[in-house]
Amino acid sequence: MSDSIDKNSRRAFLGTAGILITGLAGCTSTNTETDNKTTTKQNTTTDSTRATSNTYSETTTETSTQEDTTSTTASKPQSLVYASTETTDFGINLKDNPLMGSPNAPVDLYYWSDYQCPFCNRFEQDTFPKLLEEYIKPGKVRLVILEYVTIGDASKTAARMAKCVWRQVQEENPDAFKRWHASIFDAQKKPNSGWAIKQNLLKITEGVKGVDANAVESCLPKNKQSLSASVAADKQAGKDKGVNVTPTFIFDNSTSNGMPSSIQGAQPYPRFEATIKEVMK
Amino acid sequence: MSEQTRVHRWGADLQSALAYPITSISRVISAILIAIVTYVLLILSTFPEMSIQMLGAGLQWFDDTMILLTENVLATNGWFGLALIISYAVLTGVAIVNVVAQISVTGISSLSDLIGVLPGLVASGCASCGAGLLGFLGFAGAMAAMPFHGDLLRVGGIILLLTFLARAGDPRECRLNI
């Protein structure tokens, strides 16, 4: 329902833009879809996905009731967000990168983004919540979050801060990274307008449950070299795979012989769905 | 010719050039159609990779692509950036209608005018959409590295087009510099 309203308003927007070309001025478009990706509860886990990921099916039940009490230890259920030190079949080293979804998911989705990139924000607001519900939580797709800094110095600051936050929370409270990540995108303004300077990002961080802003602040200068190296490694990994814009998504099914597929830009959810179905074959 | 007279003449010629397409219904329609096509091309070129993927998946994605990319221009460059793209599209419509008129009036023999037209259009086109194409060619972050996210380039392109239009004036009139 809201999608159809949104679609209609977009079409109205396009029509108005056409009129603009002829010399008139004035139209607007707003994104009214609310951000529910940090609070959405897990509703269903299909039998087929249980079969592919027993560990994760326990986890999703856990996250549906108490998202913050998860951890990565073997004795506790797997969190929705978790760390890994493996290098995937696709050749991406996952150390220092947040993962989301079942470790046994047949499709890996590598997501390169820049916190200042408007189209990354569009993906976060529009497509990600649906992707999370339909593919990531049911254990069909595992999301790998990677940095690809292109827009400016503030993007570097945000990317390094993301690494700091992840290092801080990955052991005890990895889901806090998801909240931080979403909060930064929610606060996004025009690129290089000053919204992503260190002090403002720290201020946003203070409001994120489970993340210690003071620890993040001290982490940045203390680990400057390793943080920069980690951000640069993400970008280099992207370049090696042909990434040159943000956001870029590469879908890889390690269990099939098919070629990986990619999506560039904030394409609508059905395009993601079609690509995942294609890669799953 | 004094400086004041020259500026006055420049302004009058520009006004004549801009007014020519609205002297008949067919010219108005032609200018609008060219402007729309130009706008579509400019918007698609702001993110060529995405445009190719979306349109490659089917023409049913055309409107979504246009809306998403227009919204992205708004989010990145604001209303000023979008206004520049629209201005360039409108000016291109005017310029092409004027060029066609000039050729029909003076014939193809008026090569000096054509030489004046083509670089103007190409240069302004490149200036306006080149930022997106740079990204497509592998220069990641080219847009961000440009002053005001490419807006300065777009302003340069529009100035070039206005200069061309002022230089050509009303395409039905021969201009004598005395």
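Observations
- For the range A:149-177, taking the residues that are open to solvent by 10 Å² or more (accessible area, probe 1.4 Å) and in contact with a Leu (Cβ under 9 Å, 6 or more places away or on another chain), the one that is farthest from A:Met100 (Cα to Cα) is identified as A:Ala154.
- Residue among B:Ile29, B:Ile34, B:Ile86, B:Ile43 that is assigned to a helix (DSSP H, G or I), within 8 Å of chain A (Cβ to nearest Cβ), within 20 Å of the chain's Cα centre (by Cα) and at pLDDT 90 or above: B:Ile86
- Qualifying residue in the range B:35-45 (condition: closer than 25 Å to B:Ala83 by Cα and of a type in the set (S, T, N, Q)): yes
- Scan of the range B:74-83 for residues that are open to solvent by less than 10 Å² (accessible area, probe 1.4 Å) and at pLDDT 90 or above, ordered by number: B:Leu82
- Selection status of B:Thr70, at the interface with another protein chain (Cβ under 9 Å from one of its Cβ atoms) and over 20 Å from the mean Cα position of the chain (by Cα): no
- Residue that is nearest to the other protein chains (Cβ to nearest Cβ), among those in the range B:51-62 that are open to solvent by less than 20 Å² (accessible area, probe 1.4 Å) and touching a helix residue (DSSP H, G or I) at 6+ places or on another chain (Cβ under 7 Å): B:Met54
- Among the residues of the range A:172-213, the ones that are hydrophobic (A, V, I, L, M, F, W, C) and not in a loop (DSSP other than H, G, I, E, B) come to 10 in all.
- All positions within the range A:193-203 that are buried (at least 18 other Cβ atoms within 10 Å of the Cβ) and closer than 23 Å to B:Leu74 by Cβ: A:Trp195, A:Ala196
- Considered as a group, the residues in the range A:245-270 that are free of Cβ contacts under 8 Å to residues at least 60 places away in the same chain and crowded, with 21+ Cβ neighbours inside 10 Å include one that is farthest from A:Ala105 (Cα to Cα), and that residue is A:Gln264.
- Counting only residues that are buried (at least 19 other Cβ atoms within 10 Å of the Cβ), modelled with pLDDT under 65 and more than 14 Å from every other protein chain (Cβ to nearest Cβ), the range B:137-178 holds 0 of them.
Conditions tested, residue by residue: (1) modelled with pLDDT of 95 or more; (2) within 13 Å of another protein chain (Cβ to nearest Cβ); (3) more than 19 Å from the chain's Cα centre (by Cα).
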site: A:Gly238; (1), (2), (3): yes, yes, no
site: A:Thr246; (1), (2), (3): no, yes, no
site: A:Ser254; (1), (2), (3): no, no, yes
site: A:Gly258; (1), (2), (3): no, no, yes
site: A:Gln267; (1), (2), (3): yes, yes, no
site: A:Arg271; (1), (2), (3): yes, yes, no
site: A:Thr275; (1), (2), (3): yes, yes, no
site: A:Val279; (1), (2), (3): no, no, yes
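- Residues in the range A:143-171 that are part of a loop (DSSP other than H, G, I, E, B), in contact with a strand residue (DSSP E or B) (Cβ under 9 Å, 6 or more places away or on another chain) and not aromatic (Phe, Trp, Tyr): A:Gln170 only.
- Residue count for the range B:73-83 satisfying the condition of being within 7 Å of another protein chain (Cβ to nearest Cβ) and out of contact with any His (no Cβ under 7 Å at 6 or more places or on another chain): 2.
The values are calculated or read from the model by the stated rules, or taken from the named source; none is laboratory data. Worth saying up front: this structure is predicted, and the values here are computed from it rather than measured. Cβ coordinates were reconstructed from backbone atoms using ideal geometry, including for glycine residues, and neighbour counts include every protein chain displayed. These accessible areas exclude ligands, DNA and RNA; they are computed on the full protein's heavy atoms, side chains included. Shrake-Rupley method; radii C 1.70, N 1.55, O 1.52, S 1.80 Å.
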